[in-house]
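Pasting a structure below so you can have a look.
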Amino acid sequence: MARVLITGAGSGLGAALATQCMGQTAAEVTALDLAPGKPGPHWVVHDMAARDSCIWSGLAQDLRARGPFDLVILNAGINATGPFENVALDAHQAVTAVNLHGPIRLTHMLLAEELLAPHGRLVFVASLSCFTGYPGAASYAASKDGLASFARALRRPLRKSGNICVQLVCPGPMDTPHAAQHAPKGAKADRRLAPGIVAQKVLDASRSKFLIVPGFGATMAAALGRLFPQTMTRIMGRVLFQRLKARP
Amino acid sequence: MKKKTLFVTGGGSGLGAELVRAAHRRGHHVLCTGRRAIADLPSDFPDLPYLSCDLASAGGAQVTADWVQSHLSGRRVDCALLNAAAGYFRPLSAETPEAISEVLTLNLDANIVLAHRLSGNLEGGTLALIGSVAHKGAAGMPVYSASKAALDGFGRALAQEWRGRVAVRVLHPGPIATGMSARAGRKVDLADRLFLSPRLMARIILDAALAPRGRDRQIIGYLRALRGQILPLGRQAA
Ligand SMILES: NC(=O)c1ccc[n+]([C@@H]2O[C@H](COP(=O)([O-])OP(=O)(O)OC[C@H]3O[C@@H](n4cnc5c(N)ncnc54)[C@H](OP(=O)(O)O)[C@@H]3O)[C@@H](O)[C@H]2O)c1
């Protein structure tokens, strides 16, 4: 039976991924989050922002008992939105800790502990912001671009060393608690993708595909962002940042 | 030419030291910070305010920001060149948690703190973030690549947020002959002869940072160096 590790499995996309893994593939799911979630998977409580090496050794011990993993999805992420200088520094530092330091440290640990099974998959969840830019969430944009570049850099070495397939998911806005909290006022929830659909795309993706951009709208935005990066960021500034700024 | 106030991190050696020298030669007022002690600065280093402070340490960036503000006495920072960085040329399996944390903290988090703390002082000026062409994802240096890509994404967002108030530019140099690459653990080979000299690179970067207009994100490599040679007119104006 396939062994799966999902971070940030308590809500949103992570929860959808966990549910679908258990339902459809009868996988043995290890779900990581700040607190245990719905019964079903095996819960491991861990703070991705942890700096203390004892906490990480504790996690290594927990995971050794559950691995090696055939599928690892590094999905946990937080955001801090608003004009950069008006958002407290602590919030920015928490974003880079959870979204960038944590996943890189966890990946390093999975390699060191040989917890990635040969022929397995290692999936990083970044964001559509990697293509469009994200004014109004500068530290979040930073963390997700960093994660995407990390995934790119790991792709070849990991394929060579254990035929491990590295993949990058860049979802656009999803209908999750995260989006509801950070979308500008008046944004239409029905235009956001359901996390279940994104989860399905991730789980179904062929190993030959590195980049996964779920949904037509996101695919178009990514293509435009590639062709006209600066224009796309200016548009994001107008449609998103100006409205975030107006938020009380 | 109007005298400007510049702030350079990692200015005690490598590219940073050349940036400091070039700016000083042009008559600008330079505030410089670095990790090394004052005693370890090159003997011909220009006489200017220097703070020795580890930007990867807890609170290091805050101390640095305090120091800059204490030296401004009401002036603004016309240009902050956030250049200090570290990275290792090695696979992820050869990294350590401490080194990962150091590289991400120095190359990303410290710059976020400095940008945040100095945002008011930069009004009307330029924030130049020194990235690297490795930001696209270099298989030989995954952590460094991640840190520089993160800096790029940060600058990209901030450039848009601050447009019209502070010019934010992410300048991505190609390989420079500062020895960083050898220190990072890369074998010295033929390619090293193609590295641009830190002196030339510093001139181009300073021009790009001080130019009244420019793209938010720029690659600074051979093409740029050539353009500078062929079209030198007005480039020194800044
Ligand atoms: N060299 C290249 O081929 C290359 C290519 C692309 C981009 N870059 C980028 O260009 C910039 C300059 O690189 P370089 O070649 O001059 O590198 P370098 O010779 O290694 O210099 C790095 C500078 O950062 C300072 N520094 C290192 N750790 C620090 C810390 N913990 N706290 C404060 N300062 C610290 C160093 O100070 P001390 O010397 O005092 O320790 C030094 O001045 C960096 O952003 C680098 O990533 C370099």
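The values are calculated or read from the model by the stated rules, or taken from the named source; none is laboratory data. Because the structure is a prediction, the values reported are computed rather than measured. When we count neighbours, we look across all protein chains shown, and the Cβ atoms used for this are built from the backbone with ideal geometry, even at glycine. When the accessible area is computed, the model is the full protein with side chains, heavy atoms only, and any ligands, DNA or RNA have been set aside. Shrake-Rupley method; radii C 1.70, N 1.55, O 1.52, S 1.80 Å.
Rounded, prolate or oblate: which fits segment B:5-235, taking a ≥ b ≥ c as square roots of the Cα gyration tensor eigenvalues, rounded meaning a/c under 1.5, else prolate when a/b beats b/c?
Rounded is the answer for segment B:5-235, as its axis ratio a/c remains below 1.5.
Can you list the residues in segment A:93-119 whose accessible area drops by at least 20 Å² when all protein chains are present, compared with the chain alone? Use a 1.4 Å probe, heavy atoms only.
Residues losing area: A:GLN93, A:THR96, A:LEU100, A:HIS101, A:ILE104, A:ARG105, A:HIS108, A:LEU111.
Farthest toward the dipole's positive end in the protein assembly as shown, which of B:THR5, A:ALA49, B:SER52, given Cβ charges of +1 (Lys, Arg) and -1 (Asp, Glu) about the Cα centre?
B:THR5
Is it possible to state the helix-based mean residue ellipticity at 222 nm for chain A, with each DSSP H run of 4+ residues giving -39500 (n - 2.57), the sum divided by total residues, to the nearest 500 deg cm²/dmol? What is it?
Numbers: 11 runs with 114 residues, N = 248.
Helix-only estimate at 222 nm: -13500 deg cm²/dmol.
Moving to a separate point now. Which of B:LEU15, B:ALA37, B:GLY27 sits farthest toward the positive end of the charge dipole of segment B:1-43, with +1 on the Cβ of Lys and Arg and -1 on the Cβ of Asp and Glu?
Looking along the dipole axis, the top candidate is B:GLY27.
Evaluate the charge dipole of segment A:108-248 about its Cα centre and quote only its size in Debye, nearest 20, assuming +1 on the Cβ of each Lys and Arg and -1 on the Cβ of each Asp and Glu. Show your work: numbers first, answer last.
Values: 20 positive and 6 negative charges, 99 e Å.
With Lys and Arg at +1 and Asp and Glu at -1, about 480 debye.
Mind giving me the FRET efficiency for B:ASP66 and A:VAL45? R0 is 41 Å, r the Cβ-Cβ distance, nearest 0.05 is fine.
Details: r = 38 Å, r/R0 = 0.92.
The pair B:ASP66/A:VAL45 has a calculated efficiency of 0.65.
Using a/c under 1.5 as the rounded threshold, could you call segment A:3-246 rounded, prolate or oblate? The axes a ≥ b ≥ c are square roots of the C-alpha gyration tensor eigenvalues, and prolate needs a/b larger than b/c, oblate otherwise. The partial results should precede the final answer.
Numbers: a/c = 1.61, a/b = 1.46, b/c = 1.10.
Because a/c hits 1.5 or more and a/b exceeds b/c, segment A:3-246 counts as prolate.
Among B:THR64, B:LEU151, A:THR132, pick out the residue whose Cα is farthest towards the positive end of the charge dipole of the protein assembly as shown, where Lys and Arg carry +1 and Asp and Glu carry -1 on C-beta, about the Cα centre.
Highest projection toward the positive end goes to A:THR132.
Do any trypsin sites (Lys or Arg not before Pro) in segment B:39-121 lie in a loop, going by DSSP, with at most 12 other beta-carbon atoms within 10 Å of their beta carbon, and if so which? Before the final figure, lay out each step's value.
On the way: sites: B:ARG75, B:ARG76, B:ARG117; in loops: B:ARG75, B:ARG76.
Hits after loop and neighbour filter: B:ARG75.
Taking only Cα atoms, what is the 0 to 90° angle, nearest 10, from helix A:138-162's long axis to the longest principal axis of chain A?
30
Dipole size in debye (nearest 20) for chain B around its Cα centre, Lys and Arg Cβ +1, Asp and Glu Cβ -1?
Details: 30 positive and 18 negative charges, 209 e Å.
That gives a dipole near 1000 debye.
Length gain on complete extension for the stretch A:LYS160 to A:ILE197, per 0.36 nm per residue less the alpha carbon to alpha carbon distance? Mind showing how you got there, number by number?
Working: separation 37, 0.36 × 37 = 13.32 nm, distance 3.13 nm.
This chain segment gains 10.2 nm when fully extended.
On to the next question. Report, in degrees rounded to the nearest 10, the 0 to 90 angle that the Cα long axis of helix A:53-64 makes with the longest principal axis of chain A.
That works out to roughly 60 degrees.
Then there is this: Let me have the 222 nm mean residue ellipticity of chain B computed from DSSP H runs of 4+ only, each contributing -39500 (n - 2.57), with the sum over all residues rounded to the nearest 500.
On the way: 8 runs with 88 residues, N = 238.
Per the formula, -11000 deg cm²/dmol.
Turning to a different aspect of this structure: Give me the net charge for the shell around A:ARG51: Cβ to Cβ below 13 angstrom, other residues only, Lys and Arg +1, Asp and Glu -1.
Numbers: positive: A:ARG105; negative: A:ASP47, A:ASP52, B:GLU98, B:GLU102, B:ASP109.
Net of charged neighbours comes to -4.
Could you compute the FRET efficiency for B:LYS3 and B:ALA139, with r as their C-beta to C-beta distance and R0 at 60 Å, rounded to 0.05?
Rounded to the nearest 0.05, the efficiency is 0.85.
Something else: Tally Lys and Arg at +1 and Asp and Glu at -1 over the other residues with C-beta under 15 Å from the C-beta of B:HIS116: what net charge comes out? Mind showing how you got there, number by number?
Numbers: positive: B:ARG117, B:ARG165; negative: A:GLU85, A:ASP90, B:ASP66, B:ASP109, B:GLU123, B:GLU161.
It works out to a net charge of -4.
Under a Cβ-only charge scheme (Lys and Arg +1, Asp and Glu -1), can you give me the dipole magnitude of the protein assembly as shown about the Cα centre, in debye to the nearest 20? Walk me through the intermediate numbers first.
On the way: 56 positive and 32 negative charges, 399 e Å.
Dipole of the protein assembly as shown, to the nearest 20 debye: 1920 debye.
Distance in nm between label sites at A:ASP204 and A:LEU224, each 7 Å beyond Cα in the beta-carbon direction?
2.6
Carbon and sulfur together cover what percent of the accessible area of the protein assembly as shown at a 1.4 Å probe radius? Provide the component values of the computation, followed by the final result.
Details: 11490 of 20300 Å².
About 57 percent, which is the carbon plus sulfur part of the accessible surface.
Something else: In nm, what is the difference between 0.36 nm times the number of residues separating A:LEU34 and A:THR231 and their Cα-Cα distance? Before the final figure, lay out the partial values.
Values: separation 197, 0.36 × 197 = 70.92 nm, distance 3.80 nm.
Between A:LEU34 and A:THR231, full extension yields an extra 67.1 nm.
Grab the Cα-Cα distance for B:ALA37 and B:ARG165, subtract it from 0.36 nm times how many residues apart they are, and report the gain in nm with one decimal.
Values: separation 128, 0.36 × 128 = 46.08 nm, distance 3.48 nm.
Length gained between B:ALA37 and B:ARG165: 42.6 nm.
Taking the simple approach of a point 7 Å from Cα along Cα-to-Cβ for both B:ALA182 and A:ILE55, what is their distance in nm?
4.1
Give me the net charge for the shell around B:THR64: Cβ to Cβ below 15 angstrom, other residues only, Lys and Arg +1, Asp and Glu -1.
On the way: positive: B:ARG35, B:ARG36, B:ARG117; negative: B:ASP54, B:ASP66, B:ASP109.
Computed value for this residue: 0.
On C-alpha positions alone, give me the angle between the axis of helix A:102-112 and the longest principal axis of chain A, in degrees, nearest 10.
Roughly 20 degrees between the two axes.
Another question, if that's okay. Under 1.5 on a/c is rounded, so check that first for segment A:126-183, then, if it is not, pick prolate when a/b is larger than b/c and oblate when it is not; a ≥ b ≥ c are the square roots of the alpha carbon gyration tensor eigenvalues. It would help to have the intermediate numbers written out before the result.
Values: a/c = 3.54, a/b = 2.12, b/c = 1.67.
Here segment A:126-183 falls in the prolate category.
Sticking with this structure for a sec: Just how much of B:ILE220 is accessible, in Å², when a 1.4 Å probe is used and the result is rounded to the nearest 10?
The accessible area of B:ILE220 comes to roughly 0 Å².
Let me ask another. Taking a probe of 1.4 Å, how large is the accessible area per residue of segment B:5-235, in Å²?
Numbers: 9170 Å² over 231 residues.
For segment B:5-235, the solvent-accessible area averages 40 Å² per residue.
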